[in-house]
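First comes the structure, then the notes that go with it.
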Amino acid sequence: MTIRFDRPVSHAARAARLIASFALVLCGVTLIGHRFAPLETPYFVLLLLISAGCAILAVLLALVGLAQLWQSAAIGGVSAVKAVVYAALPLAILGLGTERYWTRPHIYEISTDLNDPPEWLTTPDARQLWLPPRHLVTQQEREAQFEAYPALISRRYEGASDRVLEAVRKVAHDRHITIIKAEGADVADPNGNVKPKRRTRPQTANPAQDGSAAGDVPAIVPVPTPRPFRDGVAELIRQNTDVILQGETRTRIFGLPCDILIRIREEAETTLVDIRVASRYGQDDLGVSADLADDYLKALDAELLGIAGS
């Protein structure tokens, strides 16, 4: 006579599998919708939090199912394991965000020039929806940025400003940064696709007809002295000679939108490059702005290798 044992069924394990499946699908659709479709970032964050909440609930129910399997051999061990596997992605994203929240300064913007950050050509503006409203960056936040990212400083190059500008645009293109506005650059296209036309004087067959005979050149050519850095004349010259490029980009995986400002300034026969990066949403970018700025500056150093100043 065959004896059959009726094993109880763990409803918690089955519910865990269903909830974890929903969390995984919601997480995947949200990531795709934000990266490749017009899903706004506040809704993206909200849906990810809902997905993570469902994943946590699924894991708790899966633990109950595994406990029932251990205690009474309840059916549902496979469902409990599947629930844990399905919940891995939403929980991993939640864990990454939590780790960055506690280890990064609570700022949404960084600048390599803490005392005189480049001014936005067009002030970034976005609907925050359910996220808290933005506030102006304070000096304390600038100091927190310097303590957390001491390597994010201005870059000084000994090359000419036009060469540095060309490298700045090339690196921006390689990093998928779209330049939306430019000031001080004599080009028709902000992205540098159209180069300025150089003005040349017409040449004549006889140098004497041109009025510039070799004997008219003075023996001593005056050399301009370096201009002062902090007086009113220097500030006026800087306003007329600075090249400022404002662009926008998105992070590679999550597609978080960020605004970028690059300032190119000539100083004492060198070229100074500053960068300002701001996350478009929220008051805490979890270190995204610093990562973008650091990646861009390292690529610019590599592009201009050999002319970087100390």
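The values are calculated or read from the model by the stated rules, or taken from the named source; none is laboratory data. For clarity, every value in this text was computed on a predicted model and none was experimentally measured. As a convention, Cβ positions derive from the backbone with ideal geometry for all residues, glycine included, and neighbour counts pool all protein chains shown. Only protein heavy atoms, including side chains, enter the accessible area calculation; ligands, DNA and RNA are left aside. Shrake-Rupley method; radii C 1.70, N 1.55, O 1.52, S 1.80 Å.
Could you grab the pairs with beta carbons closer than 6 Å, sequence gap of 6+ or different chains, first residue in the stretch 134-158 and touching a residue at least 40 places away in the same chain (Cβ under 8 Å) and polar (S, T, N, Q), second one in a loop (DSSP other than H, G, I, E, B) and surrounded by fewer than 16 Cβ atoms within 10 Å (Cβ to Cβ)?
Cβ pairs passing all conditions: none.
Here are some conditions: (1) open to solvent by 40 Å² or more (accessible area, probe 1.4 Å); (2) in contact with a Leu (Cβ under 9 Å, 6 or more places away or on another chain). ALA73 meets all but one. Which one does it not meet?
For ALA73, the exception is condition (2).
Going residue by residue through the stretch 80-100, is there one that turns out to be within 30 Å of VAL273 (Cα to Cα), touching a residue at least 12 places away in the same chain (Cβ under 8 Å) and surrounded by 14 or more Cβ atoms within 10 Å (Cβ to Cβ)?
Yes, the stretch 80-100 contains at least one residue that is within 30 Å of VAL273 (Cα to Cα), touching a residue at least 12 places away in the same chain (Cβ under 8 Å) and surrounded by 14 or more Cβ atoms within 10 Å (Cβ to Cβ).
Read through the list (1) modelled with pLDDT of 90 or more; (2) more than 18 Å from ALA290 (Cβ to Cβ); (3) out of contact with any Cys (no Cβ under 8 Å at 6 or more places or on another chain), then give the number of the only condition that ILE93 fails.
Result: ILE93 fails condition (3) only.
Just checking, which of LEU300, LEU272, LEU305, LEU261 is outside any strand (DSSP E or B), surrounded by 16 or more Cβ atoms within 10 Å (Cβ to Cβ) and more than 9 Å from the chain's Cα centre (by Cα)? Working first, answer last.
Details: LEU272 fails: outside any strand (DSSP E or B); LEU305 fails: surrounded by 16 or more Cβ atoms within 10 Å (Cβ to Cβ); LEU261 fails: outside any strand (DSSP E or B).
Being outside any strand (DSSP E or B), surrounded by 16 or more Cβ atoms within 10 Å (Cβ to Cβ) and more than 9 Å from the chain's Cα centre (by Cα) holds for just one of LEU300, LEU272, LEU305, LEU261, which is LEU300.
Answer yes or no as to whether GLY33 is farther than 30 Å from ASP6 by Cα and either exposed (fewer than 15 other Cβ atoms within 10 Å of the Cβ) or touching a Cys at 6+ places or on another chain (Cβ under 7 Å) (or both).
Details: farther than 30 Å from ASP6 by Cα: yes; either exposed (fewer than 15 other Cβ atoms within 10 Å of the Cβ) or touching a Cys at 6+ places or on another chain (Cβ under 7 Å) (or both): no.
Criteria not met by GLY33.
Restrict the check to the stretch 95-110 and report whether at least one residue is in a helix (DSSP H, G or I), of a type in the set (Phe, Trp, Tyr) and more than 24 Å from TYR281 (Cβ to Cβ).
Step one: list which residues in the stretch 95-110 are in a helix (DSSP H, G or I), which gives 95-103.
Narrowing the set further to residues that are of a type in the set (Phe, Trp, Tyr) leaves 101-102.
From the residues that got through so far, the ones that are more than 24 Å from TYR281 (Cβ to Cβ) too are none.
No - not one qualifying residue is present in the stretch 95-110.
For the stretch 156-184, give me the residue count where each residue is within 14 Å of LEU300 (Cα to Cα), at pLDDT 90 or above, outside any loop (DSSP other than H, G, I, E, B) and open to solvent by less than 40 Å² (accessible area, probe 1.4 Å).
The qualifying residues number 8.
So, of the residues in the stretch 1-30 that are outside any loop (DSSP other than H, G, I, E, B) and β-branched (Val, Ile, Thr), which turns out to be least open to solvent (accessible area, probe 1.4 Å)?
Initially, the stretch 1-30 is screened for residues outside any loop (DSSP other than H, G, I, E, B), giving 9, 11-30.
This time we only want the ones that are β-branched (Val, Ile, Thr), so: 9, 19, 25, 29-30.
Working: VAL9: 59, ILE19: 44, VAL25: 93, VAL29: 93, THR30: 3 Å².
Among residues in the stretch 1-30 that are outside any loop (DSSP other than H, G, I, E, B) and β-branched (Val, Ile, Thr), the one least open to solvent (accessible area, probe 1.4 Å) is THR30.
I'm trying to understand the selection: among the residues of the stretch 111-130, which are of a type in the set (A, V, I, L, M, F, W, C) and under 14 Å from ARG280 (Cβ atoms)?
To start, the set of residues in the stretch 111-130 that are of a type in the set (A, V, I, L, M, F, W, C) comprises 114, 120-121, 126, 129-130.
Of everything in the stretch 111-130, those that are of a type in the set (A, V, I, L, M, F, W, C) and under 14 Å from ARG280 (Cβ atoms) turn out to be TRP120, ALA126, LEU129.
So that you can scan it fast, the table gives a plain yes or no per residue for (1) open to solvent by less than 40 Å² (accessible area, probe 1.4 Å); (2) part of a loop (DSSP other than H, G, I, E, B); (3) not polar (S, T, N, Q):
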| residue | (1), (2), (3) |
| --- | --- |
| GLN128 | yes, yes, no |
| PRO132 | no, yes, yes |
| GLU143 | no, no, yes |
| GLU147 | no, no, yes |
